[in-house]
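Here it is, the structure in full.
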Amino acid sequence: MTSRNPIAKADPILIVGAGVFGLSTALELKKRGFQNITVLDRYQPPVADGSSVDISRVIRVEYADELYAKMAREALQGWLTEFKSHYYSSGFVMLADKSGNRYLESSKAVNESLGGELAEYSDASEVLTKFPCIPSRLDGLSAYVNENGGWADAEKSILQLSQQCSLAGVNFITGSRGKVLSLRHSGKRVIGVNVAQGEPLLASQIIIATGAWSNRLLPMAHATTASGQPVGFIQLTPEEAEPLRKMPVIINLSTGIFCFPPTPDTNILKVARHGYGFATTVPIEDSPRFVSSPKRDGNNAAASYLPSDAEEGLRDGLRQLLPDFSNSPWMDRRLCWYSDTPEGDFVIDYHPQADGLFIATGGAGHAFKFLPVLGRYIADCFENKVSPEIRHKWRFRLPSGNEEKLKVGDGSRGGPPLRVLAGHEQAKL
């Protein structure tokens, strides 16, 4: 990790991105006395197509890595207190083929080392005695159950976080003036950003918290790349939803498919895949680079489209986990965009070659659950207060020339390998 002397508390800071990384950073820096903080985004938070925004996100403490396991436990206390109105303690069921799953076994070991308890079932069908409301077909699977896991309403959580930022005095610029096109340089220093409307915005410090969009602003495909993960929504009737009210969050780590209980107010059933996803090929203006990225101009959540193999993957998952709804029509479907990293670690660091630039990205599909504590960790990195372990884990790596193109993550992914979308598929996004 690169060290920098923090700027003066009165100096202006621009944070690009109003998702969980950007908002949590803005709020924590405000709490620490930084006075002049502005958050930029195309949309007002909750950002319509942001990776942090949806009707639900998994809240769990099971990790194969001790640092994230400890952070998740800290965050859970925040979900049980400050953000309790958006958290649902439904329980969390992890499934895998009986042949074994390395990530699951490692998570169990870390969980036990931290004093946690997981109910283990060599035959996953036994889970049905604990959750008789699950209509799943669990033959050939093993299971672990944590009754303390659950899910959070992501959109409402982000709304609360953005309101806390506003009350703390954080400034927001959205619309064309908040749409960042590129970084503005003076020699080796980043001094501001070029925006879609009006004069450039200048600041003493620029913080990039743009998730899957990050490679558009900064060449960092060696450190993080974007992948779209399939998600589908089914509108249930109150009668269809009622038997599933006490259903836990369920994930099959072998396929990557996971599903949530129906939302309590709108009866929407959500199914998704935590896998390797789909990539796009997007040209960068005034550059020879092509990157995988969601589109910058327009709302990525507006097009109700999934590649046919992605849709069939979700249907296969429903046939196993919720077979009664495997043929139900979609009310909506789309790709949710991850900012993938080689080992699933965040990228939170000063850029080693560009003064004035700090990076907070690389959520790798698992960062949202840390919302109550993420800003504190990012601000500690910003102020050079983190441990050597974290400094190394979240460092911004420079290209070495032999990086793997595939960001395999932390071992928790399942399903088919990454696939680059064909031109006619990408045109439908």
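The values are calculated or read from the model by the stated rules, or taken from the named source; none is laboratory data. Bear in mind the structure is a predicted one, so any value in this text is a computation, not a measurement. Cβ sites come from the backbone with ideal geometry, for glycine too, and all protein chains shown count toward neighbours. Heads up: the accessible areas ignore ligands, DNA and RNA and are worked out on the full protein's heavy atoms, side chains in. Shrake-Rupley method; radii C 1.70, N 1.55, O 1.52, S 1.80 Å.
What's the Kirkwood radius of the range 109-218 in Å, using all Cα pairs?
The answer is 19.3 Å.
While we're on this one: Dimensions of the range 247-402 along principal axes (Cα, Å, largest first)?
Per principal axis, max minus min of the Cα coordinates gives 55, 38, 32 Å.
Compute the semi-axes of the equivalent ellipsoid of the range 22-71, taking the square root of 5 times each eigenvalue of the Cα gyration tensor, and list them largest first in whole Å.
Over the Cα atoms of the range 22-71, the semi-axes work out to 26, 20, 7 Å.
Given an 8 Å cut-off on Cα distances and at least 6 residues of separation, report the relative contact order of the range 38-129 as a percent.
Worked out over the range 38-129, it gives 29 percent.
Please list, short to long, the whole-number percent of alpha-carbon pairs of the range 255-318 in consecutive 5 angstrom bins beginning at zero.
For the range 255-318, the binned pair fractions read 4, 13, 17, 20, 18, 13, 8, 5, 2, 1 percent.
Taking the alpha-carbon distance from K9 and a cut-off under 26 Å, which lysines remain once sequence neighbours fewer than 8 residues away in the same chain are dropped?
Cα-Cα hits under 26 Å: K30, K31, K179, K188, K385.
Classify the range 183-326: rounded, prolate or oblate, from the alpha-carbon gyration tensor (a ≥ b ≥ c, eigenvalue square roots; a/c under 1.5 rounded; otherwise prolate if a/b is larger than b/c)?
It is prolate, given that a/c is not under 1.5 and a/b is the larger ratio.
Another question about this same structure. Which whole-Hz couplings ³J(HN,Hα) result when phi for each residue of the range 221-229 is put into the Karplus expression 6.51 cos²θ - 1.76 cosθ + 1.60, θ = phi - 60°, listed in order with x for Gly and Pro?
Each residue of the range 221-229 in turn: 5, 5, 9, 7, 9, 9, 9, x, 10 Hz.
Name the residues whose placed amide hydrogens come within less than 5 Å of the amide hydrogen of I191, ignoring near sequence neighbours (fewer than 5 apart) on the same chain.
Distant-sequence amide H within range of I191: R184, H185, S186.
Using the scaling law 2.2 N^0.38 Å as the reference, what is the normalised Cα Rg of the range 42-105?
With N residues counted in the range 42-105, Rg over 2.2 N^0.38 Å equals 1.41.
What is the percent of Cα-Cα separations in the range 156-196 that go past 17 Å?
In whole percent, the long-distance tail amounts to 52.
Treating only the Cβ of Lys, Arg, Asp and Glu as charged (+1, +1, -1, -1), what charge dipole size does the range 1-113 show about its Cα centre? Round to the nearest 20 debye.
Roughly 260 debye for the range 1-113.
Just to be sure I follow the definition: excluding the sites themselves, where is the longest run in the chain that has none of the GluC sites (Glu not before Pro) in a DSSP loop with at most 11 other Cβ atoms within 10 Å?
By the stated rule (loop sites, at most 11 other Cβ atoms within 10 Å), 118-284.
Suppose every K and R has +1 on its Cβ and every D and E has -1 on its Cβ; what is the size of the dipole of the range 218-331 about the Cα centre, in Debye to the nearest 20?
Working: 9 positive and 12 negative charges, 57 e Å.
My answer is approximately 280 debye.
Provide the per residue accessible area, probe 1.4 Å, for the range 74-152, rounded to a whole number of square angstrom.
For the range 74-152, the per-residue accessible area is 49 Å².
Per DSSP H run of n ≥ 4, the term is -39500 (n - 2.57); total these for the chain, divide by its residue number, and report the mean residue ellipticity at 222 nm rounded to 500 deg cm²/dmol.
The per-residue figure over the chain is -6500 deg cm²/dmol.
Across the range 64-175, what fraction of all alpha-carbon pairs, as a whole percent, falls in each successive 5 Å bin from zero upward?
Over the range 64-175, the share of Cα pairs per 5 Å bin runs 2, 10, 16, 18, 15, 14, 10, 6, 5, 3, 1 percent.
Report Rg/Rh for the range 348-402, rounded to two decimals, where Rg is the Cα radius of gyration and Rh the Kirkwood radius.
On the way: Rg = 12.0 Å, Rh = 12.2 Å.
Taking Rg over the Kirkwood Rh, I get 0.98.
Right, another one. Give the dimensionless ratio obtained when the Cα radius of gyration of the range 287-368 is divided by 2.2 N^0.38 Å.
Taking N as the residue count of the range 287-368, the ratio is 1.52.
How big is the C-alpha Rg of the chain next to the rule-of-thumb value 2.2 N^0.38 Å, as a ratio?
0.95
Over the range 117-162, what is the mean sequence separation of C-alpha contacts under 8 Å (at least six apart), divided by residue count, expressed as relative contact order in percent?
Values: 35 pairs, mean separation 19.4, N = 46.
Computed value for the range 117-162: 42 percent relative contact order.
Just need the relative contact order of the chain here, percent rounded to a whole number, with Cα pairs under 8 Å and 6+ apart.
Averaging sequence separation for qualifying contacts and normalising by length gives 23 percent for the chain.
List, in the order given, every pair from K270/K369; K70/K156; K84/K369; K130/K246 whose Cα-Cα distance in the structure shown is over 20 Å. Please list the in-between numbers first.
Values: K270/K369 17 Å; K70/K156 25 Å; K84/K369 13 Å; K130/K246 11 Å.
Pairs exceeding the cut-off: K70/K156.
Once you treat every alpha carbon in the range 107-173 as an equal point and sum by Debye, what is log10 I(q)/I(0) at q = 0.19, 0.26 Å⁻¹?
Cα-only, vacuum Debye calculation for the range 107-173: -0.83, -1.11.
Let me ask something else. Using a 1.4 Å probe and ignoring any ligands, DNA or RNA, find the accessible area of K407 and quote it in Å² to the nearest 10.
For K407, solvent-accessible area is about 10 Å².
Continuing with this model, one more query. At what distance in angstrom do the alpha carbon centres of the range 18-61 and the range 102-163 lie from each other?
Here the two parts' Cα centres lie 26 Å apart.
Specify whether the C-alpha gyration tensor of the range 288-332 places it in the rounded, prolate or oblate class, a ≥ b ≥ c being the square roots of the eigenvalues: rounded for a/c under 1.5, otherwise prolate if a/b is larger than b/c and oblate if not.
Numbers: a/c = 4.30, a/b = 2.19, b/c = 1.97.
Cα axes put the range 288-332 in the prolate bin.
Write down the radius of gyration of the range 1-120 and its Dmax, each obtained from C-alpha positions, in Å.
According to the Cα coordinates of the range 1-120, Rg and Dmax are 18.5, 57 Å.
List the lysines whose alpha-carbon lies under 16 Å from that of K98, not counting same-chain residues fewer than 8 positions away?
Partners within reach: K108.
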